[in-house]
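The values are calculated or read from the model by the stated rules, or taken from the named source; none is laboratory data. Given the structure is predicted, the values throughout are model-derived calculations rather than measurements. Glycine gets a Cβ as well: all are built from the backbone with ideal geometry, and neighbour counts include every protein chain shown. All accessible areas refer to the heavy atoms of the entire protein, side chains included, with ligands and DNA or RNA removed. Shrake-Rupley method; radii C 1.70, N 1.55, O 1.52, S 1.80 Å.
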Amino acid sequence: MPNYDDFSWLVNIPYFCSQAIFSDETVNYRVPLEPSEEDTVIITLRTGRNLQLQPYLCTETERFPMKKMWSSFVFEFYQVEFPPSDQKERYYFSIEGEGFTLYYTKYGVFESYQREGWFEILRNYHTPQWAKGAVMYQIFPDRFFNGDAKNDILSNEYMYLGKPVKKVENWYENPELEDIRNFYGGDLQGILTKMDYLEGLGIDAIYLNPIFLSPSNHKYDIQDYEHIDPHLGVIEVDEGALVFGSESNHEATRYITRITNETNLEKSDLLFASLVAEAHKRGIKVILDGVFNHCGAFHKWMDREGIYNNKMKGAFQDKNSPFRPYFIWNQQGTAYEGWWGYENHPKLNVEGCLELRNKIMEIGAKWVSPPYCADGWRLDVAADLGSTEEFNHTFWQEFRNTVKKANPNAIILAEHYGDAKPWLFGDQWDSIMNYDAFMEPLTWFLTGVSKHSTDARDDLYNNADVFWGSMIYQMSKLPIQALTTAMNELSNHDHSRFLTRTNRQLGRLEHDGAERASQGVQFSVMREAVLLQMTWLGAPTIYYGDEAGVAGWTDPDNRRPYPWGRENNELIAFHKACILLRKENEALRFGSLKQLFGEYGIIGYGRFTEQNRCVVVLNNSDNKKEIFVPVWQIGVREKGRMKRLILTDAQGYHLESVDYRVEKGHICLPLQPKSGILLKEV
């Protein structure tokens, strides 16, 4: 803690001058948050008080003096206005004092001019208000809850990738290595049945892995975009033979009836509409998974299995099929292109077939429109669609226009690894699944292993400098519209469960077995991660079962069934408590974020608005620590108090209130090993 008497530490020192400077792109420092080209944009910069400074907002071509508007506590606030414009604006701040000049960007304060990390105004980029800071819940439908046994896949119902499908009789059985054709029976009725549970968690939105007709349990190999899979929906007409030993699905008449009968299809679609309506009654949105880069070889347009021979001619069955142009064929017309060479995932010829492109637009609009009224799309491998990047951008521009016209309040989220900026200008995607600016930095800091549990980096474990450097750099690449709606996940269907990562072991199901994924896990570290997830900027997204203590290596082991009746109830209660605190404190959903502390194993940050100021500190080290947190940097007043809202440590979590006195701008925090704390100014 700085050893300054009275308030002398607040003036005429470089520490105060640099740490007092702050601005960001949230509504707290820029109004409006999502300007149109007709809007005047008011930009605010905070500096230290009584320092005789003159700040300037600088663009690539101009330099605008900022006017001091008000003073508060130890800060002064300056503003400048940007007039209406139809152009993108980039800016940084130059702060001139007596004999020195400082430069401020998204990266922080510097003594020299910086070419990178500038702030940015993207006009006409609007995202749904409901999605900003929303708590989302991802469901892999087959593994959530079986609400209707009549629609269960039957063992030997059909062949998939050379072997018969299997119904898993024991719900609590862990997935096998060849899990792709095994079905546990989770369905839409199961989600409806558990809606009280979901509402009780406090979530704002459900993201569903694919639910359209598909032969696999993950359903990323779509068979029909126009209907919900009856195995997840409703099967009333149910007749025909099962397949026993046959290599062909021509004889799978039970399966063909189940998935082509119009009554089954229509009632399955209507069940989805009922699910959305019930969710909406409870204030919960529903997001669908859109797989438009490729489909499945079973798809009726391709029909490699001959399932639809009596209804239509697929491209594989007939070279004269009207669907032949929907796919990319070799010169001889004997083989089609598969995504990444996978024969079971035919690449859709979206770039070369206008009819197909129009069809996907119809599908995109259909499911966000009445009577279904879904609240948006998560787009699978969205950057892979098409053959050229230029077309990819053109397609997603059209898709956005189509979906937003059908439902202006729909969200469009994309799966993407790497720099997503080219798609995030307000004309394509709203936001992304946030790997680079959330899952990866947090995983490395807390566990020292990769998000797949396949690599270890001891140099990144507990490395606060790398954590903050990675977070600040990666977050700076995202527009504020994308940052506030980004899916901040700890786990999902493509990566190991975060709880498993806490054991700091490397492994995969095929080499190490399922049991080892649960050995040595640290629930204290899991709670640290959840506390940060629920207090960070963006949309915290829970992967079903994470809140109940489900472990697992990367897929297929990460797709274990939800352990109804065997849940970790303490961990569920902890999630509920953190979600409730997020909703009770506007700073945790809409506030600015500022780094306050960083040393080996410890990170601290503030989330703050004018009316609400919170501090979060994690101690992931194995040692007790006592630290001094500079809460003055988020506007907490001298001699004020901060109240503990929640504490998690190796023994569990605690909601008892404890007060901390602010002395010389800091609070003294004793920290237990593997602990986290959330405080609020009172």
- Item | Thr541, sole failed condition from (1) under 22 Å from Lys194 (Cα atoms); (2) among the polar types (S, T, N, Q); (3) open to solvent by 10 Å² or more (accessible area, probe 1.4 Å) | (3)
- Only one of (1) touching an Asp or Glu at 6+ places or on another chain (Cβ under 7 Å); (2) not in a loop (DSSP other than H, G, I, E, B) is not met by Gly364, so which one is it? (1)
- Going through the stretch 371-405 in order, the residues found to be open to solvent by 40 Å² or more (accessible area, probe 1.4 Å) and either in contact (Cβ under 8 Å) with a residue 12 or more places away in the chain or assigned to a loop (DSSP other than H, G, I, E, B) (or both) are Pro371, Cys373, Asp384, Ser387, Thr388, Glu389, Gln397, Glu398, Lys405
- Sort through Val41, Val74 and tell me the only one that's closer than 21 Å to Gly117 by Cα, open to solvent by less than 30 Å² (accessible area, probe 1.4 Å) and not charged (D, E, K, R). Val41
- Query: Taking the stretch 239-264, which residues are on the phi > 0 side of the Ramachandran plot and in contact with a Lys or Arg (Cβ under 9 Å, 6 or more places away or on another chain)?
  - Reply: Gly240
- Query: Which of the residues belonging to the stretch 27-38 are assigned to a loop (DSSP other than H, G, I, E, B) and crowded, with 17+ Cβ neighbours inside 10 Å?
  - Reply: Val27, Asn28, Tyr29, Leu33, Glu34, Pro35
- Asp196 versus (1) within 30 Å of Ile579 (Cα to Cα); (2) open to solvent by less than 50 Å² (accessible area, probe 1.4 Å): which is the lone unmet condition? (2)
- Task: Could you look through the stretch 3-45, keep only residues that are in contact with a Lys or Arg (Cβ under 7 Å, 6 or more places away or on another chain) and modelled with pLDDT under 75, and pick out the one that is farthest from Pro128 (Cα to Cα)?
- Result: Tyr4
- Long-range neighbours under 9 Å by Cβ, at least six apart or interchain, first residue among the β-branched types (Val, Ile, Thr) within the stretch 292-310, second part of a loop (DSSP other than H, G, I, E, B) and open to solvent by less than 10 Å² (accessible area, probe 1.4 Å): Ile307/Tyr158; Ile307/Gln223; Ile307/Ala252; Ile307/Phe298; Ile307/Gly314
- Message: Could you check the stretch 142-158 and list, in sequence order, the residues that are of a type outside the set (D, E, K, R) and open to solvent by less than 60 Å² (accessible area, probe 1.4 Å)?
- Response: Phe144, Phe145, Asn146, Gly147, Asn151, Ile153, Leu154, Ser155, Asn156, Tyr158
- Message: Is it the case, given these coordinates, that Lys300 is at pLDDT below 95 and farther than 30 Å from Ala279 by Cα?
- Response: no
- Considering every residue within the stretch 207-218, establish whether at least one is touching a residue at least 40 places away in the same chain (Cβ under 8 Å) and open to solvent by 40 Å² or more (accessible area, probe 1.4 Å). no
- Item | Condition broken by Thr500, with the remaining ones in (1) open to solvent by 10 Å² or more (accessible area, probe 1.4 Å); (2) hydroxyl-bearing (Ser, Thr, Tyr); (3) closer than 20 Å to His452 by Cβ satisfied | (1)
- Task: Give the residues of the stretch 205-228 that are part of a loop (DSSP other than H, G, I, E, B) and out of contact with any helix residue (DSSP H, G or I) (no Cβ under 7 Å at 6 or more places or on another chain), sorted by residue number.
- Result: Pro210, Ser214, Pro215, Ser216, His218, Lys219, Tyr220, Asp221, Ile222, Gln223
- Task: Give the residue that is most open to solvent (accessible area, probe 1.4 Å), with candidates limited to residues of the stretch 159-186 that are charged (D, E, K, R) and more than 26 Å from the chain's Cα centre (by Cα).
- Result: Glu169
- Among residues of the stretch 609-632 being assigned to a loop (DSSP other than H, G, I, E, B) and open to solvent by less than 20 Å² (accessible area, probe 1.4 Å), the residue nearest to Asp649 (Cα to Cα) is Asn620
- With the checklist (1) over 31 Å from the mean Cα position of the chain (by Cα); (2) not in a loop (DSSP other than H, G, I, E, B) in hand, flag the one item Leu154 doesn't pass. (2)
- Task: Go through Glu262, Glu278, Glu305 for me and flag whichever is charged (D, E, K, R), under 30 Å from Ile203 (Cα atoms) and open to solvent by 10 Å² or more (accessible area, probe 1.4 Å).
- Result: Glu278
- Message: When you check Phe272 against the structure, is it closer than 30 Å to Tyr197 by Cβ and aromatic (Phe, Trp, Tyr), yes or no?
- Response: yes
- Message: Yes or no: the stretch 600-608 includes at least one residue that is in a strand (DSSP E or B), closer than 15 Å to Ser675 by Cα, touching a Ser or Thr at 6+ places or on another chain (Cβ under 8 Å) and open to solvent by 10 Å² or more (accessible area, probe 1.4 Å).
- Response: no
- Do we find a residue being within 15 Å of Lys150 (Cα to Cα), of a type outside the set (Ser, Thr, Tyr), in contact (Cβ under 8 Å) with a residue 24 or more places away in the chain and assigned to a loop (DSSP other than H, G, I, E, B) anywhere in the stretch 263-283? no
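Yes/no matrix, rows are residues, columns are (1) over 27 Å from the mean Cα position of the chain (by Cα); (2) within 28 Å of Arg30 (Cβ to Cβ); (3) polar (S, T, N, Q):
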| position | (1), (2), (3) |
| --- | --- |
| Leu596 | no, yes, no |
| Val616 | no, yes, no |
| Asn620 | no, no, yes |
| Lys625 | yes, no, no |
| Val636 | yes, yes, no |
| Lys639 | yes, no, no |
- Message: If I filter the stretch 319-330 for residues that are among the basic types (Lys, Arg) and either open to solvent by 30 Å² or more (accessible area, probe 1.4 Å) or over 24 Å from Gln397 (Cβ atoms) (or both), do I get at least one hit?
- Response: yes
